[in-house]
Amino acid sequence: MKPVTINFTDMTDTQIRETLQLYRLSLTTEEAHTIQNNILKRPPTIAELVLWSIQGSEHCSYRSSRQFLKQFVVDSHDVILGPGEDAGIVSVAVDNYGKRYGVVMSHESHNHPSQIVPYEGAATGIGGNVRDVSCMGAKVIAVADPLRFGEISRNKTKWIHEGVVSGIAGYGNPIGVPNIAGDVYYDARYNENCLVNVVTLGVVREEDVIHSKAPIDAVGYDLILVGKPTDNSGFGGASMASVSLEKDDTTANKGAVQEPNAFLKRHLLKATYTLFDILKKQNFINRVGFKDLGAGGIACASVEIADAGGYGADIFLDAVPTSVSDLPPQVILCAETQERYLWAVHKDISPLILEHYNKTFNLPSIATGAQATIIGKITDTGLFIVSYNNESYVHARACDVTKGILYDRPYTKPDQTYTEPDISVDDSNLQIILNQPNNNPNLQVISNQPINKYPNIPSIRNSVDLESFVDSHHHFTFQDIFLQLLSHPNIADRSPIFEKYDKQVQGITVIERGDADAGVMQPFVDDTYPEEIRNTGIALSVAQNPRISTIDPYWGGAHAVVSAMRKVVAVGAIPVALTDCLNFGNPEKPEQMWEFVEAVRGVADAQKHLHLKKYPDTPTPIISGNVSFYNESGNHAIAPSPIISCLGQMNDVSKAITMHFKKTNSILLMIAKRTDTCGGSVYYQLFDTYGANVPTQHFEEIQRELFALTDAIQQELILSAHVIAEGGVAIALAQMSFQNEIGCEVNIPCTLREDKKLFGEAGGFVIEVDETNVTKLNKILQNYNIELCSIGKTTDNVKLKIEGCIDVDLMVAKERWMNGLREKL
């Protein structure tokens with residue numbers, strides 16, 4: 001059968017659109033003309049059009065975002081590999097011989113698939129990200145999952161939530177990778193587009209890194225496909241991820257979601273790790289390239305591995321194992337079938353690899369049709385040529401394919417103004433007064449009991465009294481708000497999510513999710529690593545507040561960076577690298593493109609001004625990342641969501657600390673002043689408003705805080721530390737109290753209004769210190785010109801007493817927090 005070509009020259013725009021729709025091609029009429037007239041200079045085949053719709057999509061070529069990503073600093077003295085391959089690598093340990101040991105980081109999204117088929121979408125998101133890390137020659141040691149869902153009261157949200165969490169657990173647990181970090185937000189702006197981001201970590205010695213490109217002098221190298229036989233699952237996944245989701249297309253798009261096989265993946269990982277050892281022993285590491293088959297399947301993996309090395313490639317589709325008969329060539333070429341890798345290897349090494357997978361690890365017996373097969377060659381032509389049945393289906397310059405079609409999108413600031421809500425405080429009665437209609441039907445006065453000190457404050461118990469009270473007065477006690485915040489889905493205990501994940505498999509997790517602001521691991525603990533690096537610890541965090549980003553995308557981007565870095569510092573680690581996943585709406589709409597541009601500028605400014613402790617003049621590098629556009633359905637786009645992860649390092653992991661109070665009668669201190677910045681807070685969300693005054697970041701001061709706190713923790717002067725985040729100081733104190741059921745008495749010396757002092761999310765830290773160490777701690781902070789604020793102490797009275805306006809039994813508060821999310825799910 002001859003390849004079908006399409007000549008757009010004599011077609012009208014309407015005819016071109018109809019033709020593109022007929023073949024489900026995510027191309028515009030202008031792009032069709034560009035491919036034919038400017039790139040190929042001839043009518044394209046269907047396979048070529050499919051290839052460009054995928055490889056040239058936003059998901060693969062970053063065609064609208066590439067110019068803005070150049071703002072990021074991606075290098076430092078310890079960066080082994082920055083953006084450009086499947087994952088970044090940063091050195092975290094050096095042995096006595098000067099050999100560096102790196103942590104491999106990858107950060108990806110799988111948003112559209114998870115919205116359509118939640119379990120499979122989330123599971124394959126984990127699978128693809130794990131492959132990105134493993135193909136760098138690394139052992140995968142951890143994952144993290146930043147998640148964003150719609151309103152928790154909606155049945156659809158609960159369905160998606162259950163599928164996503166189950167998919168992450170159902171894939172990550174069987175392959176033996178612990179889940180050590182993550183966060184989750186619930187907001188109406190994610191009702192039709194959830195976000196499933198994944199961060200994956202691996203470890204590798206620098207000299208053992210395998211690159212995701214053909215090596216030097218690779219002409220004639222074999223391209224070996226390994227794993228599951230190709231089927232039609234996931235066909236068009238990358239292009240589907242580069243268009244807005246429409247309800248009418250949901251069923252059709254299900255075919256673009258890949259199908260996971262965790263059991264096969266576990267076996268492939270074991271086989272591949274063993275192969276790494278063989279390649280190292282035989283000094284073959286520099287004679288191979290290795291790449292994940294993700295977006296675009298064989299097409300994107302092969303053209304990228306060739307072009308990255310400056311070569312071309314010949315692909316023989318007849319040699320590709322398939323599990324579905326009569327697959328069209330373009331499907332064989334571009335289907336995103338899961339559990340597959342691509343090797344580029346010297347022909348003398350090919351027999352070793354084929355025998356290793358097919359016989360030693362017997363792939364065909366693990367999954368029907370699974371195998372390792374030679375499907376192509378690296379060439380010196382610079383051309384990407386794909387043949388099937390002796391016919392050429394793709395014939396183009398490899399660099400043209402990987403470059404895609406770049407855009408310079410217009411962007412315009414939206415004509416929208418955010419204002420502060422009309423709220424006042426009655427200090428004498430300790431009441432918050434809403435001087436405007438309460439638009440949030442979920443806000444309830446839920447006082448545990450009246451504060452005896454103020455008997456004139458009512459305790460509202462039943463629904464009739466509640467409705468009458470709220471409708472006529474709009475008054476709420478601080479205690480009401482405090483308890484409501486504890487049970488809010490954006491604050492309540494996340495155990496209903498992460499209790500499904502394996503957090504201790506591999507035996508290197510030191511601090512689990514839920515015990516601190518970041519997960520902590522000891523990656524080099526076993527005796528296969530040099531003794532001098534075995535105590536090295538790493539910390540991983542993720543962060544981003546979508547409501548702050550909605551009000552001001554610039555400060556939202558900066559806030560995400562600062563928050564992620566604060567989280568790793570709170571456990572005692574020093575930030576060494578960042579990754580990003582930039583999730584936004586439709587870049588073709590100027591207002592949504594503006595959100596992206598501003599958020600990237602905020603991320604870039606923050607990372608440039610927050611320097612590495614080891615190299616004080618060097619910005620904290622962004623070593624890996626991803627852009628996810630078109631998170632939009634109809635005219636409803638997600639909140640701007642620049643999600644940031646931070647990797648921290650510590651020389652002695654035994655000094656890592658959790659956020660839980662350790663003892664009674666210790667001193668409680670606060671770092672960072674309270675400011676009038678409740679904009680984007682959960683407190684304002686209770687009143688169904690955003691506010692306007694978002695936290696702005698004073699980077700130089702924040703950097704000094706980060707340096708001072710890591711010094712203090714490494715000198716073992718701090719018992720516990722917690723970042724002030726959602727819910728403000730009041731919630732931070734409560735969360736520190738719950739684990740060991742230690743109460744506290746706190747008064748915050750600050751002239752702010754009480755509600756903004758307690759519930760504002762300006763950032764900073766609450767730290768617990770033994771009284772004998774306060775002087776030493778003060779000296780460290782003074783050396784960094786940081787002001788330390790004493791706010792109270794821990795107590796053996798199991799109550800939370802804060803500012804004289806919150807006096808709650810600790811167990812009541814803990815129950816609200818522990819069951820807040822569980823009951824809603």
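Checking the range 35-56 against the condition returns a match, with at least one residue being surrounded by 19 or more Cβ atoms within 10 Å (Cβ to Cβ) and closer than 24 Å to Glu595 by Cβ. State all residues of the range 66-94 that are small (Gly, Ala, Ser) and either assigned to a helix (DSSP H, G or I) or touching a Leu at 6+ places or on another chain (Cβ under 7 Å) (or both); if no residue qualifies, say none. Listed by number, the residues that qualify are Ser76, Gly88. Being touching a residue at least 12 places away in the same chain (Cβ under 8 Å), assigned to a loop (DSSP other than H, G, I, E, B), surrounded by 21 or more Cβ atoms within 10 Å (Cβ to Cβ) and in contact with a Gly (Cβ under 8 Å, 6 or more places away or on another chain) holds for only one residue in Glu761, Glu726, and it is Glu761. In the range 59-94, the qualifying residues are those that are of a type in the set (Asp, Glu) and in contact with a strand residue (DSSP E or B) (Cβ under 7 Å, 6 or more places away or on another chain), and the one that is farthest from Gly585 (Cα to Cα) is Asp78. Selection of first residues in the range 203-224 that are touching a residue at least 40 places away in the same chain (Cβ under 8 Å) and of second residues that are in a strand (DSSP E or B) and of a type in the set (Phe, Trp, Tyr), restricted to Cβ pairs under 6 Å at least 6 apart or on distinct chains, gives the following pairs, ordered by first then second residue: Arg205/Tyr101; Ile210/Phe290; Ile224/Trp343. Evaluated against (1) farther than 30 Å from Asn129 by Cβ; (2) not in a helix (DSSP H, G or I), Leu20 falls short on exactly one condition, (2).
Pairs meeting the criteria (first residue in the range 798-823 and without any contact (Cβ under 8 Å) to a residue 60 or more places away in the chain, second residue surrounded by fewer than 21 Cβ atoms within 10 Å (Cβ to Cβ) and assigned to a helix (DSSP H, G or I), beta carbons under 6 Å, at least 6 apart or on different chains) are Val798/Leu810; Lys799/Leu810. In summary, Asp217 fulfils each of the numbered conditions (1) on the phi > 0 side of the Ramachandran plot; (2) at pLDDT below 95 with the single exception of condition (2). Quick one: is Glu591 among the acidic types (Asp, Glu), surrounded by fewer than 19 Cβ atoms within 10 Å (Cβ to Cβ), part of a helix (DSSP H, G or I) and touching a residue at least 24 places away in the same chain (Cβ under 8 Å)? Considered against the rule, which asks whether it is among the acidic types (Asp, Glu), surrounded by fewer than 19 Cβ atoms within 10 Å (Cβ to Cβ), part of a helix (DSSP H, G or I) and touching a residue at least 24 places away in the same chain (Cβ under 8 Å), Glu591 comes out as yes. Considering only residues in the range 46-91 that are modelled with pLDDT of 95 or more and polar (S, T, N, Q), the one that is nearest to Val130 (Cα to Cα) turns out to be Ser91. Filtering the range 116-134 for residues that are touching a residue at least 40 places away in the same chain (Cβ under 8 Å) and under 30 Å from Thr29 (Cβ atoms) leaves a non-empty set. Taken over the range 638-651, the criterion of being over 16 Å from Lys567 (Cα atoms) and either crowded, with 23+ Cβ neighbours inside 10 Å or modelled with pLDDT under 95 (or both) is satisfied by Ile638, Ala639, Pro640, Ser641, Pro642. The numbered conditions (1) more than 23 Å from Cys646 (Cβ to Cβ); (2) part of a loop (DSSP other than H, G, I, E, B) are all true for Ile160 except (2). Under the condition of being buried (at least 18 other Cβ atoms within 10 Å of the Cβ) and aliphatic (A, V, I, L, M), the residues counted in the range 210-220 number 3. Could you pull out the residue among Ile644, Ile657, Ile623, Ile702 that is assigned to a helix (DSSP H, G or I), within 23 Å of Gly537 (Cβ to Cβ) and within 25 Å of the chain's Cα centre (by Cα)? Every option except Ile702 fails the conditions. If you check Thr550 against the conditions, is it among the β-branched types (Val, Ile, Thr), at negative phi, touching a residue at least 40 places away in the same chain (Cβ under 8 Å) and part of a helix (DSSP H, G or I)? Considered against the rule, which asks whether it is among the β-branched types (Val, Ile, Thr), at negative phi, touching a residue at least 40 places away in the same chain (Cβ under 8 Å) and part of a helix (DSSP H, G or I), Thr550 comes out as yes.
Each row is one residue, and each column tells you yes or no for (1) surrounded by 17 or more Cβ atoms within 10 Å (Cβ to Cβ); (2) on the phi < 0 side of the Ramachandran plot; (3) part of a loop (DSSP other than H, G, I, E, B); (4) out of contact with any Ser or Thr (no Cβ under 9 Å at 6 or more places or on another chain).
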position: Pro351; (1), (2), (3), (4): no, yes, no, yes
position: Gly369; (1), (2), (3), (4): no, no, yes, no
position: Phe384; (1), (2), (3), (4): yes, yes, no, no
position: Ser392; (1), (2), (3), (4): no, yes, no, no
position: Pro410; (1), (2), (3), (4): no, yes, yes, yes
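May I ask you to verify whether Arg17 is of a type in the set (Lys, Arg) and under 26 Å from Pro587 (Cβ atoms)? Criteria met by Arg17. Just to check your reading of the model, which residue among Lys347, Lys377 is more than 27 Å from Lys403 (Cα to Cα), in contact (Cβ under 8 Å) with a residue 12 or more places away in the chain and either basic (Lys, Arg) or touching a strand residue (DSSP E or B) at 6+ places or on another chain (Cβ under 6 Å) (or both)? Within the list Lys347, Lys377, the selection yields Lys347. Restricting the range 223-232 to residues that are part of a loop (DSSP other than H, G, I, E, B) and touching a helix residue (DSSP H, G or I) at 6+ places or on another chain (Cβ under 7 Å), the residue that is modelled with the highest pLDDT is Lys228.
The residue that is farthest from Arg704 (Cα to Cα), among those in the range 768-792 that are assigned to a loop (DSSP other than H, G, I, E, B) and acidic (Asp, Glu), is Asp770.
Answer with yes or no whether Ile742 is more than 29 Å from the chain's Cα centre (by Cα), farther than 30 Å from Lys158 by Cβ and not basic (Lys, Arg). So Ile742 fits the description; yes. Looking only at residues of the range 594-627 that are surrounded by fewer than 21 Cβ atoms within 10 Å (Cβ to Cβ) and hydroxyl-bearing (Ser, Thr, Tyr), we find that the one that is nearest to Asn193 (Cα to Cα) is Thr618. Return the residue satisfying two criteria in turn: it lies in the range 659-686 and is basic (Lys, Arg) and farther than 20 Å from Leu752 by Cα, and of such residues it is surrounded by the fewest Cβ atoms within 10 Å (Cβ to Cβ). Step by step, filter the range 659-686, then rank; the result is Lys663. For the residues Lys799, Lys779, the requirement of being surrounded by fewer than 20 Cβ atoms within 10 Å (Cβ to Cβ) and touching a strand residue (DSSP E or B) at 6+ places or on another chain (Cβ under 6 Å) singles out Lys799.
Among the residues of the range 117-157, write down those that are among the hydrophobic types (A, V, I, L, M, F, W, C) and not in a strand (DSSP E or B). Val117, Ala122, Ala123, Ile126, Val130, Val133, Cys135, Met136, Ala138, Ile152 - these are the residues of the range 117-157 that are among the hydrophobic types (A, V, I, L, M, F, W, C) and not in a strand (DSSP E or B). I'd like to check something: does the range 642-660 contain any residue that is closer than 22 Å to Pro410 by Cα, in contact (Cβ under 8 Å) with a residue 60 or more places away in the chain and in contact with a helix residue (DSSP H, G or I) (Cβ under 9 Å, 6 or more places away or on another chain)? Scanning the range 642-660, I find at least one residue that is closer than 22 Å to Pro410 by Cα, in contact (Cβ under 8 Å) with a residue 60 or more places away in the chain and in contact with a helix residue (DSSP H, G or I) (Cβ under 9 Å, 6 or more places away or on another chain), so the answer is yes. Sub-6 Å Cβ pairs linking a first residue in the range 56-73 that is under 22 Å from Ser26 (Cβ atoms) to a second residue that is basic (Lys, Arg), at least 6 apart or interchain, are Ser64/Arg409, ordered by first then second residue. Number of residues in the range 34-65 that are in contact with a Phe, Trp or Tyr (Cβ under 8 Å, 6 or more places away or on another chain) and in a loop (DSSP other than H, G, I, E, B) equals 5.
The values are calculated or read from the model by the stated rules, or taken from the named source; none is laboratory data. Computed from a predicted structure; not experimentally measured. Positions of Cβ are backbone-derived with ideal geometry, glycine not excepted, and every protein chain shown enters the neighbour counts.
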